[in-house]
Structure formats: C-alpha cells, structure tokens
Amino acid sequence: MAVIKIDNSKTVEKIKPMHAVGQAPIGGLGKNFFHHFHYLNEAGVPVSRLHDVGGPYGSNRFVDIPNIFRNFDADENDPASYDFTFTDALIAALKEAGVEPYYRLGITIENQAAIKAYNTKPPKDFHKWARICEHIVAHYNEGWADGFFYDIKYWEIWNEPDGDTEIRGYPQMWHASAEQYFELYDITSRHLKSRFPSIKIGGYAACGIQAAFFNNAEREQYPLQVDWLNFFYKFIEYLKAKKPPIDFFSWHGYQLPQKMIQRAEWISDRLKESGYGDIEIHLNEWNPAPDTRCTGSHGANVAAMMLGMQNTDVDMCMFYDARLQGSVYAGLFHPMTLTPTQAYYALVAFNELYKLGEQTALECGEKELYAVSATNGERNAVVVSNISGKPQELIFEGIDLSNARYHVIDDQRLLSWSPEVKTLNNNSVLLIEY
C-alpha cells in the first residue's frame, strides 16, 4: 500500500519545464515538412533544443555553423555569407507552435566519424567563430540580415566536446583537446555576453559523469567514462581560474530515473562547492531505456524522470528526442505510423502540472513510485508513475477526489480516461485532475 499525502495549501516551487525536447519532429514533403509540430503545441512542450536537427550533418541545411556560414574564409560581416533559409523556417514553425528554440552553436554529431569526419575539428580562428555566432544571434534577436526579433534566450556553445578522446580514437564531435574547447568557450562566451548581455550562455553538454560512482574495477573497465569525468573537473577548474561568463551548465544521461536523479544531485553539489550554485542546470539530453519505446514501461520511466527531476536542482529537462524516424532515441512517435507513443503522453500528463503552475507539498515514501502534485489555486492535479516492479494500491490523504477525473498510460492506454484507479499497475502512469 502506498500512502500519498498532499497539502495543496502549501506550495513548494514552480513546476519547472521538465517536458522540453531535443530536435523537433521535422519530416514530410513541401508544406507538410513541419506538420507534426502541432503535437508539440498540444503537449505544451515549452522548449526545443536545436541539436542534431535534420539528421547527419544537420541535413547540410539546419542550425549548424558550417551549414549557415558555409565558407569560413568569407566576410563574417556580410549578410551574403550566411544561409539562414532552412533554420529560419524551422524556428518560425517552432514559434508558431508555441515552442521556444534553444540554440546549440556548433555541429551535429558525426556518428560515422570512424570512417571520415568532416566538421569536428575546431574552428581555425576562434575569434572569427565568435563573431559568426554573434551575427547568428543578431539575425534571430535583432533583425540583422532580414532577420527576426525572437528574443531567443539560451545559446549553448558546442555539444559533448568531452566525448572525443584518444581512448575512443575517432572524433564524433570535437577533434581537439579539452583545453582548446575551454579556450573556444572562453572567447565565445565573453564576446557574446558583451554584445548581448541579456542572453543566457552555457555549455558544455557533458556526455555524462557516471564515472563519479564507479568502483576501481569499473574505472579500469570504462576508461572513456573516466575521461568524461576528468573533463568535467578540468572545466570547473577553468571556470574558477578564468571566470568566463556561464549562465547554465548542460549535461546528458541515458540511465533510469533513480541513477539520473543521483547524478543530478552530484552535479548540483559540485557546482555549489565550486562557487557556481547560482547558475541553471539543464539536463538537455535524456531518455531512459530508449530501446523500450512504444511501451508502457517507457512511458512510465519518462514520466518518472520528469517527476523526479522536478525535486532536484535541475531547472530544465529536454527529452532526446522528438524526431519522427531514424533512431531508437526517437521515442515520442511510432517509427512506422508516426503516431504518438506512451512517452509522448507522459509529456502531456506532465504538462497538466506545468499549466497549473505551483507544485504543492506531497509525501510518498514508496521507492520507485514517483509523484508530483500542483495547483493554480482553483484546480489541482497529481501525476503518479509506478516503476516499482509491482502493482501499488494507492491511498490519497489530504485531498477530496469525489469529483476527480482519472487518466492512465500503460501498454494499452495513452492517457485514456479511466474509472477511479485504486491500484496502479507496474509500468503505468496516472493523472488525476480534481
């Protein structure tokens, strides 16, 4: 029996945007290219991170610096040196769907880099690269080069530069040293912050810090992950020594909720110890057990992650990702029918909390049963995800559910209406509105 105590008279904090996503679901022909964006709107997805957009090499058209500024030797002050066409269309479609872009300045991962890498070497002139980034920000926020006034807030410098080391032997993202990335970050963050003081700049989209929890045998078995962790320590030391601007720290992980929450707490503690406890923390790539997509298990783990992260210092989470096809990580839409999956409806359920706004006091002592409640002062909701491995009899205390509406996500149901739910099966999600 799981007793869940809720006190809607006590607010905890704002419900945070835990249901943001990675690249948006582009696909189709002609005017249907952005057809699936209405699903983002209907799920209330607040933010989409623009990384790996359009497939390998950013489809040679989207977002990436080499796609927008195609000849590095060209004049960075000349609008004719830039090709914004497809990225303009993408961001306009996101805005129309009510989704804020989160712009990654850099390149798309080159998964076949073991054969040949094209864009993974660092820019040959870091200062010029920073000026190119300046003009991209100016295009979208200040109208430069027939641009826009979108006021895009978040600008991330590169992605996973820690992932490419001599241990791996081939450069998927950053074919250079850690110190060279730190220099690029330093130069670019200072330049952009001086030019656009209101934007938020950060990085470095860390591969992961799982080695912080390894024993000695695991450290020997997984040297690549140890290298990732050492990169993190070096980055923190660089920040402390050189003090470049940083408004957010971004990181990635693909483990189940309990481990990911443990890692989120570890990162928060390290940032606080280093004097950076006031910056935002973004988990901007995550997807628990992606090979279980299109199942109740996946939906329940996705919901549990969002609910669990709400109670950490993480400020925003971005599910990786919302693409339509082509990857096991594309977990929001069925790869054949392109219809929404259980994971998509987990985002919809979380959005019901997000719309209400205020998290309220909730106690639940059952391990692997995740729950968050919210209110707007008039209406209330609670979302519960059961990944405990067994059915859970639910007893709610402190609230009146006599007129409540129940909705369930499991192997058969996609946030479907249900009669009163007294027992929540394993790998199921329950939304109660009352």
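The values are calculated or read from the model by the stated rules, or taken from the named source; none is laboratory data. These numbers were taken from a predicted model, which means no experiment stands behind them. Ideal geometry is used to build each Cβ from the backbone, glycine not excepted, and the neighbour counts take in all protein chains shown. Heads up: the accessible areas ignore ligands, DNA and RNA and are worked out on the full protein's heavy atoms, side chains in. Shrake-Rupley method; radii C 1.70, N 1.55, O 1.52, S 1.80 Å.
Numbers at a glance
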| read-out | value |
| --- | --- |
| Any hit, the range 25-35, residues being open to solvent by less than 40 Å² (accessible area, probe 1.4 Å), in a loop (DSSP other than H, G, I, E, B), touching a residue at least 40 places away in the same chain (Cβ under 8 Å) and touching a Pro at 6+ places or on another chain (Cβ under 7 Å) | no |
| Condition met for TYR345 (in contact with a helix residue (DSSP H, G or I) (Cβ under 7 Å, 6 or more places away or on another chain), at pLDDT 95 or above, open to solvent by 20 Å² or more (accessible area, probe 1.4 Å) and not in a strand (DSSP E or B)) | yes |
| Extreme residue, farthest from GLU183 (Cα to Cα), among residues of the range 99-146 that are part of a loop (DSSP other than H, G, I, E, B) and polar (S, T, N, Q) | GLN112 |
| Subset of the range 147-167 (residues that are within 22 Å of the chain's Cα centre (by Cα), open to solvent by 10 Å² or more (accessible area, probe 1.4 Å), closer than 28 Å to GLU110 by Cα and charged (D, E, K, R)) | LYS153, GLU160, ASP164 |
| The range 87-113, residues that are open to solvent by 10 Å² or more (accessible area, probe 1.4 Å), of a type outside the set (A, V, I, L, M) and modelled with pLDDT of 95 or more | ASP88, LYS95, GLU96, GLY98, GLU100 |
| Hits in the range 230-250 - residues which are open to solvent by less than 60 Å² (accessible area, probe 1.4 Å) and not polar (S, T, N, Q) | PHE231, PHE232, PHE235, ILE236, TYR238, LEU239, PRO244, PRO245, ILE246, ASP247, PHE248, PHE249 |
| Output for the range 47-86, where each listed residue is open to solvent by 50 Å² or more (accessible area, probe 1.4 Å) and either under 18 Å from the mean Cα position of the chain (by Cα) or without any contact (Cβ under 8 Å) to a residue 40 or more places away in the chain (or both) | ASN60, ARG61, ARG70, ASN71, ASP73, ASP75, ASP78, ALA80, ASP83, THR85, PHE86 |
| Scan of the range 381-434 for residues that are outside any strand (DSSP E or B), aliphatic (A, V, I, L, M) and on the phi > 0 side of the Ramachandran plot, ordered by number | none |
| Tally, over the range 180-226, of residues that are in a helix (DSSP H, G or I) and in contact (Cβ under 8 Å) with a residue 12 or more places away in the chain | 23 |
| VAL314 being touching a strand residue (DSSP E or B) at 6+ places or on another chain (Cβ under 8 Å) and either hydroxyl-bearing (Ser, Thr, Tyr) or under 18 Å from LEU431 (Cβ atoms) (or both) | no |
| Near pairs, Cβ below 7 angstrom, 6+ apart or cross-chain, from the range 252-277 (farther than 20 Å from LYS242 by Cα) to any residue that is in a helix (DSSP H, G or I) and open to solvent by 30 Å² or more (accessible area, probe 1.4 Å) | TRP266/ALA212 |
| Candidate set from the range 317-328 (those that are open to solvent by 10 Å² or more (accessible area, probe 1.4 Å) and in contact (Cβ under 8 Å) with a residue 60 or more places away in the chain); member that is nearest to SER428 (Cα to Cα) | TYR320 |
| Which listed residue, of GLY277, GLY308, GLY253, is out of contact with any Asp or Glu (no Cβ under 6 Å at 6 or more places or on another chain), of a type in the set (Gly, Ala, Ser) and surrounded by fewer than 19 Cβ atoms within 10 Å (Cβ to Cβ) | GLY277 |
| Extreme residue, nearest to HIS135 (Cα to Cα), among residues of the range 185-227 that are among the hydrophobic types (A, V, I, L, M, F, W, C) and buried (at least 22 other Cβ atoms within 10 Å of the Cβ) | LEU192 |
| Filtered residues of the range 131-146 (kept if over 15 Å from LEU184 (Cβ atoms) and either of a type in the set (Val, Ile, Thr) or surrounded by fewer than 19 Cβ atoms within 10 Å (Cβ to Cβ) (or both)) | ILE136, VAL137, ALA138, GLU142, GLY143, TRP144, ALA145, ASP146 |
